[in-house]
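Since the structure comes first, as structure tokens, the remarks are kept for the end.
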Amino acid sequence: KGQTIGEVYSPELVSAQEELLQAKRMESQQPALLKAARSKLKSWKLTDEQITTLANSGEIQEYFPIKADVSGTVTELNVREGDYVASGQTLFSVSNFGKLWVMLEAYEKDLAWLNLGDAVHLSIPAYPDWALEARIRFIDPVIDPQRRVAQVRAEVANAGGKLKPEMFVRATVEAKTGEGKPALAIPRSAV
């Protein structure tokens, strides 16, 4: 967050800076004009600090740094150096991998045993000696009609960034019977 990840040149941004500098010179006569010029630059996602520095320096900046508004990793880059971009165009995507969703599938017959907040024990084949615990945060109310499964989402803290999106995990949930005693459940064909 706050790190410069690119620079942009825009004639409209240069014009908005000129408006700010003119409004600064006329501040005593028309303070609302300065406020409007500052708001216009804020709509360009310039910080208050950048706007104040610009107003105090009195110089127009041709290239403006693009600062990340969130912490994370650039996961998608939609522009390259020298590209023309349109107003509102997505230049890049930033994702924070501090917490990840673990998307699991539960068979329709097992849904009665799952509840929001239940602990889920995770094992990751990429790290065989490492086990994690997560909590169920969402159970999809719609069943996949072909596979007869529902999506179950758990949330896990990604300490050290070891987990990567799209990794394979195995999950186990310890279910309790109505009396709070562990249940032994086996397929009917095994008896």
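The values are calculated or read from the model by the stated rules, or taken from the named source; none is laboratory data. Since the model is a prediction, treat every value here as computed from it, not as a measurement. Neighbour counts run over all protein chains shown; Cβ positions are idealised from the backbone, glycine included. The accessibility values were calculated without ligands, DNA or RNA, using every heavy atom of the protein model including side chains. Shrake-Rupley method; radii C 1.70, N 1.55, O 1.52, S 1.80 Å.
Below, the figures for the structure above:
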quantity: Matching residues in the range 1-15 - criterion: being hydrophobic (A, V, I, L, M, F, W, C) and open to solvent by less than 60 Å² (accessible area, probe 1.4 Å); calculated: Val8, Leu13, Val14
quantity: Among (1) within 30 Å of Ile5 (Cα to Cα); (2) free of Cβ contacts under 8 Å to residues at least 60 places away in the same chain; (3) open to solvent by less than 40 Å² (accessible area, probe 1.4 Å), the one test that Asn158 misses; calculated: (2)
quantity: Top-ranked residue in the range 102-150 [being in a strand (DSSP E or B) and among the charged types (D, E, K, R); ranked as surrounded by the fewest Cβ atoms within 10 Å (Cβ to Cβ)]; calculated: Asp129
quantity: Search result, residues across the range 68-95 that are of a type in the set (D, E, K, R) and over 21 Å from Pro11 (Cβ atoms); calculated: Asp69, Glu76
quantity: Failed item in (1) more than 24 Å from Gln3 (Cα to Cα); (2) open to solvent by less than 90 Å² (accessible area, probe 1.4 Å); (3) modelled with pLDDT under 85, with Glu18 passing the rest; calculated: (3)
quantity: Index of the failed condition, Lys45 passing every other in (1) part of a loop (DSSP other than H, G, I, E, B); (2) within 30 Å of Arg135 (Cα to Cα); (3) open to solvent by 70 Å² or more (accessible area, probe 1.4 Å); calculated: (2)
